[in-house]
Amino acid sequence: VLESTPSATPRLDAELLVGHVLDLSRTQLLARPDQSFTAGQSQDLQQLVKRRVSGEPIAYLTGRKEFMQLTLAVGPGALVPRPETELLVEWAMALLREQMTDHRRLVIDVGTGTGAIALSLALALSDPNVRVVASDVSADALFWATVNREQCGLTSRVHLVQGDLVSWLGTPATLILANLPYLRPDQATGNWEIGREPDVALVSGDDGLEAIRRLLADAGRVLAADGAIGLEIDPSQAASVVKLMEDSVPGLQPRVLRDLAGQERFVVGLRGRLQRNRHAHRMPA
Ligand SMILES: C[S@@+](CC[C@H](N)C(=O)[O-])C[C@H]1O[C@@H](n2cnc3c(N)ncnc32)[C@H](O)[C@@H]1O
């Protein structure tokens, strides 16, 4: 049945759903090809397959998604974290460990969704001098971020804020990270794979750049003199976002970084003394 959906990975989808119903990992499942179902499990599986055929993401059906070292809870109202975003976290981690070492640091994850970026950074950097604040405009997204913060044991270390972009921020931030909505309406309409994820997480104005444009317009006010910004983008937006960064944030030197598929997926900008280090503009190997 799943082969009749537009999913690019029907076999993997089936394995994940069967594993979920049987409470087995994929490896365990593959090691037990003759595993049988109880009547209840078989009914559960049929329901899940029906929901998948109607376009629900696998992660909404299993209720979780792996990201970096975390297993995040996810469901309707939050974007399912994507693997390419892990590279933004790795870039930020390298910057915080190697370049931003000698002062108290404030890291902001704008549009946190499930909390993927903020929580994986906080977990990896168990440094009390790094303060992590994650924000989202959506109460539904913050519900999932709160659940995940608790599950990761990070409630005392990651602060959650409901608000628009960085409008709520009054103190200088060392590092601003954002994977904001960046699609145009025509890229999202009728797209089966993303149709059940919230519009507020996907689409941003007619050109997909409204949230990024507004963030950068306000970032100069809150970015520290030796601070940095890391944004995830649609590859078609690289030149526009570089220009927006140059025009909106004085002293910020932008660079485009690629994802593992070779796509221009991130624009990062460094300010002040960070610019002297060429490595800060590379993805860690
Ligand atoms: C593409 S999703 C990314 C979620 C998460 N950062 C991740 O990488 O999995 C974008 C997120 O930005 C949030 N968002 C959209 N507009 C926003 C705004 N004006 N201010 C703050 N958050 C916003 C959405 O609610 C959504 O959670």
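Any read-out appearing in this document is the output of simple, stated calculations on the displayed coordinates, not a laboratory observation. Source: prediction; values computed, not measured. Don't worry about glycine lacking a Cβ; one is built from the backbone with ideal geometry, like all the others, and counts go over all protein chains shown.
Once you have the Kirkwood Rh of the chain from its Cα pairs, apply Stokes-Einstein at 10 °C and 1.306 mPa s and quote D in µm²/s. Mind dumping the intermediate values first?
On the way: Rh = 19.9 Å.
My calculation gives 80 µm²/s for D.
Think of each Lys and Arg Cβ as +1 and each Asp and Glu Cβ as -1; about the Cα centre, that makes the dipole of the chain roughly 780 debye.
So what is the diffusion coefficient of region 80-210 in µm² per second by Stokes-Einstein at 25 °C and 0.890 mPa s, using a Kirkwood Rh over Cα pairs? Mind dumping the intermediate values first?
Details: Rh = 15.4 Å.
Calculated translational D: 160 µm²/s.
Taking amide H positions as modeled 1.01 Å from N, with prolines and chain starts lacking one, the residues under 5 Å from residue 173 and 5 or more places away or on another chain are 223, 224. Convex hull volume of the Cα atoms of region 79-119, normalised per residue: 63 Å³. Residues with amide H under 5 Å of residue 161's amide H, sequence separation 5 or more or different chain, H placed in the peptide plane at 1.01 Å from N; which? The list, which skips near neighbours in sequence, is 134, 135, 136.
Applying a DSSP loop filter and a limit of 15 other Cβ atoms within 10 Å to the GluC sites (Glu not before Pro) in region 176-240 leaves 193.
Suppose we keep just the DSSP beta bridges with both residues in the chain; what percent of those would be antiparallel, to 5? Working shown, then result.
Details: 15 of 36 bridges.
Of all bridge pairs located within the chain, approximately 40 percent are antiparallel.
Hand me the chymotrypsin sites (Phe, Trp or Tyr not before Pro) from region 113-175 located in a DSSP loop with no more than 13 other Cβ atoms within 10 Å, in residue order please.
Details: sites: 143, 144, 168; in loops: 168.
Loop-located and lightly packed - 168.
Shown here for region 64-151: trypsin sites (Lys or Arg not before Pro) in loop regions (DSSP other than H, G, I, E, B) with at most 14 other Cβ atoms within 10 Å, namely 104. Cα centroids of region 234-285 and region 86-127: 17 Å apart.
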